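Asks: Quick one: the structure is below, questions incoming.
The values are calculated or read from the model by the stated rules, or taken from the named source; none is laboratory data. Nothing here was measured: the structure is a model prediction, and the numbers come from that model. Positions of Cβ are generated from backbone atoms using ideal geometry, with glycine treated the same way; all protein chains shown enter the neighbour counts. Surface areas here come from the heavy atoms of the whole protein model, side chains and all, with no ligands, DNA or RNA. Shrake-Rupley method; radii C 1.70, N 1.55, O 1.52, S 1.80 Å.
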Amino acid sequence: MKSLTAIVSVDDDWAIGFDNKLLFHESKDLAHFRALTTGNVIIYGSKTLQTFPNKKPLPMRTNIIFSHDKDFKIDGAIVVHSMEKFWDVKRRLEMQEPEREFFVVGGESIYNLFMPFLDECIVTRFFTRANHKNRYFLNLENPQDAPDWKMIYASELKPCTAPELEGIDFDFAIYKKEREEEK
Ligand SMILES: NC(=O)c1ccc[n+]([C@@H]2O[C@H](COP(=O)([O-])OP(=O)(O)OC[C@H]3O[C@@H](n4cnc5c(N)ncnc54)[C@H](OP(=O)(O)O)[C@@H]3O)[C@@H](O)[C@H]2O)c1
């Protein structure tokens, strides 16, 4: 079975969104997301779909959207209504194109749903506190909340290039779930 990796961007409080919007629009972060996910599989909830350009599935990737709505269909995506159905789809895709990687890309409810199944999280850390936020990712730095997770890589700090993010630095970090025998 292919592993599952989350891609997420967070602020200092591990907040990820506000009123169904991203907290930070930074072109280098979006390019990083595109580079990781193009040609691969992205998994997300129906609310995150609403945040994409024209509210459409992202091109050049296999899109899997979670929704409870059994009538919901959209061109360019596979819609699933349960984890059981998701595992069926994943198995089928793995057989068809075994080289494809699987990325869980939000939002809060889908990250939570997948947390027990994730092996790795690729986190863009914006070193600031957003003023308004109402969606969060598990704080992987908090040993009480995330005792199994360990940071294994952090890039150099980079300055944001978007004018509204002037003065804010970010980095790319990788967290891995430690197995019992590795602790
Ligand atoms: N910072 C980041 O990296 C990042 C990435 C992605 C998103 N975000 C942010 O996260 C926020 C959205 O997160 P969210 O939690 O509100 O929404 P979401 O996780 O994107 O989508 C929630 C929807 O997914 C469906 N769903 C959830 N659990 C399900 C299950 N077990 N079975 C079937 N369907 C299920 C439901 O769709 P139906 O209502 O259709 O039934 C639910 O309303 C936004 O602010 C967005 O900008 C941030």
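Asks: Filtering the range 82-114 down to residues that are open to solvent by 60 Å² or more (accessible area, probe 1.4 Å) and over 20 Å from Gly39 (Cβ atoms), which residue is nearest to the ligand (Cβ to nearest atom)?
Replies: Of the residues in the range 82-114, the ones open to solvent by 60 Å² or more (accessible area, probe 1.4 Å) are 84-85, 88, 91-92, 95-99, 101, 109, 112-113.
Now narrow it down to the ones that are over 20 Å from Gly39 (Cβ atoms): 84-85, 88, 109, 112-113.
On the way: Glu84: 10, Lys85: 9, Asp88: 14, Ser109: 4, Asn112: 8, Leu113: 5 Å.
Among them, the one singled out is Ser109.
Asks: Just the residues that are in contact (Cβ under 8 Å) with a residue 60 or more places away in the chain and touching a Lys or Arg at 6+ places or on another chain (Cβ under 9 Å), please, taken from the range 136-161.
Replies: Leu140, Lys158, Cys160, Thr161
Asks: So, one more: With the requirement that a residue be part of a loop (DSSP other than H, G, I, E, B) and closer than 20 Å to Ile64 by Cα, what does the range 1-42 give you? I'd like the intermediate steps shown before the answer.
Replies: The first filter runs over the range 1-42 and keeps only residues part of a loop (DSSP other than H, G, I, E, B), leaving 1-3, 11-14, 19-20, 23-26, 38-40.
Correct list: Met1, Lys2, Ser3, Asn20, Thr38, Gly39, Asn40.
Asks: May I ask you to verify whether Val10 is within 7 Å of the ligand (Cβ to nearest atom), at pLDDT 95 or above and closer than 28 Å to Asn134 by Cα?
Replies: Numbers: within 7 Å of the ligand (Cβ to nearest atom): yes; at pLDDT 95 or above: yes; closer than 28 Å to Asn134 by Cα: yes.
Against the criterion (within 7 Å of the ligand (Cβ to nearest atom), at pLDDT 95 or above and closer than 28 Å to Asn134 by Cα), Val10 qualifies.
Asks: Which is surrounded by 15 or more Cβ atoms within 10 Å (Cβ to Cβ) and over 27 Å from Met1 (Cα atoms), of Lys55, Lys47? If you could, list the steps in order and put the result at the bottom.
Replies: Working: Lys55 fails: surrounded by 15 or more Cβ atoms within 10 Å (Cβ to Cβ).
Going through Lys55, Lys47 in turn, just one is surrounded by 15 or more Cβ atoms within 10 Å (Cβ to Cβ) and over 27 Å from Met1 (Cα atoms): Lys47.
Asks: Limited to the range 85-139, what total is found for residues that are modelled with pLDDT under 95 and outside any loop (DSSP other than H, G, I, E, B)?
Replies: 0
Asks: Here is a further query. Scanning the range 117-138 for residues that are more than 13 Å from the ligand (Cβ to nearest atom) and either β-branched (Val, Ile, Thr) or surrounded by fewer than 16 Cβ atoms within 10 Å (Cβ to Cβ) (or both), which turns out farthest from Tyr175 (Cα to Cα)? Spell out the reasoning first.
Replies: So the first thing to find is which residues in the range 117-138 are more than 13 Å from the ligand (Cβ to nearest atom), and the list is 118-120, 127-129, 131.
So of that shortlist, the ones also either β-branched (Val, Ile, Thr) or surrounded by fewer than 16 Cβ atoms within 10 Å (Cβ to Cβ) (or both) come out as 119, 127-129, 131.
Details: Asp119: 9, Phe127: 17, Thr128: 20, Arg129: 21, Asn131: 26 Å.
Here the answer is Asn131.
Asks: In the range 60-81, what count of residues is obtained for those that are free of Cβ contacts under 8 Å to residues at least 24 places away in the same chain, more than 15 Å from Phe102 (Cβ to Cβ) and either open to solvent by less than 100 Å² (accessible area, probe 1.4 Å) or among the charged types (D, E, K, R) (or both)?
Replies: 9
Asks: Something else: Which one of the conditions (1) outside any loop (DSSP other than H, G, I, E, B); (2) open to solvent by 30 Å² or more (accessible area, probe 1.4 Å) does Asn142 fail to meet, given that it meets all the rest?
Replies: (1)
Asks: When you scan the range 22-36, how many residues do you find that are surrounded by 13 or more Cβ atoms within 10 Å (Cβ to Cβ) and within 22 Å of Pro163 (Cβ to Cβ)? Even if it seems obvious, please write down each step before you answer.
Replies: Start the filter on the range 22-36 by keeping residues that are surrounded by 13 or more Cβ atoms within 10 Å (Cβ to Cβ), which leaves 22-26, 28-30, 32-33, 36.
Imposing the further condition that a residue be within 22 Å of Pro163 (Cβ to Cβ) reduces the set to 22-26, 28-30, 32-33.
Qualifying residue count, the range 22-36: 10.
Asks: Hey, among Lys2, Lys28, which residue is in contact with a Ser or Thr (Cβ under 7 Å, 6 or more places away or on another chain), basic (Lys, Arg) and either over 27 Å from Asp169 (Cα atoms) or more than 10 Å from the ligand (Cβ to nearest atom) (or both)? Walk me through it before giving the result.
Replies: On the way: Lys2 fails: in contact with a Ser or Thr (Cβ under 7 Å, 6 or more places away or on another chain).
Going through Lys2, Lys28 in turn, just one is in contact with a Ser or Thr (Cβ under 7 Å, 6 or more places away or on another chain), basic (Lys, Arg) and either over 27 Å from Asp169 (Cα atoms) or more than 10 Å from the ligand (Cβ to nearest atom) (or both): Lys28.
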